[in-house]
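See below for the structure under consideration.
The values are calculated or read from the model by the stated rules, or taken from the named source; none is laboratory data. Keep in mind that what you see is a predicted model, and the values were worked out from it rather than measured. Methodologically, a virtual Cβ is constructed for each residue, glycine included, from the backbone with ideal geometry; neighbour enumeration extends over all protein chains shown. Each accessible area value is taken on the protein alone, full model and side chains, heavy atoms only, with ligands, DNA and RNA left out. Shrake-Rupley method; radii C 1.70, N 1.55, O 1.52, S 1.80 Å.
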Amino acid sequence: MSLVAYSTFLLLLKFITCLELESTVCAGKNATSTRIREFCEEQGGSIIHRCCLGPDSATFIAVDLTEANLTAVPDFTTYENFNVSVIDIRLNPQLEPTPDNDFLGLTNLDELILPPQFDCPGHYHVWELIANTTDPVGINCTHQVDFCANSTDVCVGEASYCSTNGPNHFLCLCKEEYHGYKCLRKGTFPSGAFYGTTVAFTVVASIFLYWTQRRHVKS
C-alpha cells in the first residue's frame, strides 16, 4: 500500500470513528484537561472531542470527562475500542460514587483523576501513588497495581483464581479442567451432551406447542 493510500485510509477511519462517537463518552466539547492533552501528545494520539484516539487510529486511550454534568461514572464496558489509560473526571460536583460499578473492566487504567468527593477506589491497596490536585481541585490516583497480587483470600476455592477486572474489582475464574458452580466440577465441560439435550428439548417443546395450537384452530 502506498503512503498516500495509507494516509487516506487513516483519515477515512478517523472520519468513521468521529461519526460513531456521538453516542459515547467522547461526544461534546474538545478535551480541555491539561493532563489528557499532554498524555495524548506523548503517545502520538489525536484529540477527538473528549477522547484521545491512539496512534493506531482505532483505540481510545484517554478520556476527558471534566465539566460533563455527570451524576454517575459512565459504564465503559458498553463501549467498543476503549483501552483507556488516563481518565480526568473532575469538575463534576453532582457526581456520586457507586463502588460496585465504577471503572469496571478498566484493567489498563494507569491514572485516574477524581473530583474531591471521591476516594481512589481501593486506596493504596490498588494504587501506588495518591496525591491531591489544585487546578482543578481533585485527587490523582496513579499506577494501578494488580489487585489480585495483593489479595490472597478473595477467591477461596482451591480450583479458582483471582483475575483483576478494573480498580478494586476482580473476577473468580476456574482453573484449567474445572468448571461449574464455584468451580467444583473437574474435567471437560460436557458441551456435547448439554447442547444435545437443549436441542432435543427445544424440538419436543416446539412440536407440543404446534400440536396444541392446531387443536385450538380445528375446534
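Per the listing Asn108, Asn132, the residue uniquely polar (S, T, N, Q) and part of a strand (DSSP E or B) is Asn132. The residue that is modelled with the highest pLDDT, among those in the range 127-170 that are more than 19 Å from Asn92 (Cβ to Cβ), out of contact with any strand residue (DSSP E or B) (no Cβ under 8 Å at 6 or more places or on another chain) and open to solvent by 30 Å² or more (accessible area, probe 1.4 Å), is Asn168. Kindly evaluate Ala62 against the criterion of being assigned to a strand (DSSP E or B), closer than 21 Å to Pro167 by Cβ and open to solvent by less than 80 Å² (accessible area, probe 1.4 Å). Taking the combined requirement at face value, the residue satisfies it. When Glu38, Glu96, Glu42 are screened for being at pLDDT below 95 and either crowded, with 18+ Cβ neighbours inside 10 Å or out of contact with any Lys or Arg (no Cβ under 6 Å at 6 or more places or on another chain) (or both), only Glu96 passes. Going through the range 70-97 one residue at a time, which ones are under 16 Å from Gly138 (Cα atoms) and part of a loop (DSSP other than H, G, I, E, B)? Those that are under 16 Å from Gly138 (Cα atoms) and part of a loop (DSSP other than H, G, I, E, B): Leu70, Val73, Ile89, Arg90, Leu91, Asn92, Pro93, Gln94, Leu95, Glu96, Pro97. Just one residue in the set Ser57, Ser85 is farther than 23 Å from Ser163 by Cα, surrounded by 13 or more Cβ atoms within 10 Å (Cβ to Cβ) and among the hydroxyl-bearing types (Ser, Thr, Tyr); that residue is Ser57. Only a single item in (1) at pLDDT 95 or above; (2) open to solvent by 20 Å² or more (accessible area, probe 1.4 Å) is not met by Ser33, and it is number (2). Scanning the range 65-82 for residues that are open to solvent by less than 80 Å² (accessible area, probe 1.4 Å) and over 23 Å from Asn165 (Cβ atoms) turns up Thr66, Ala68.
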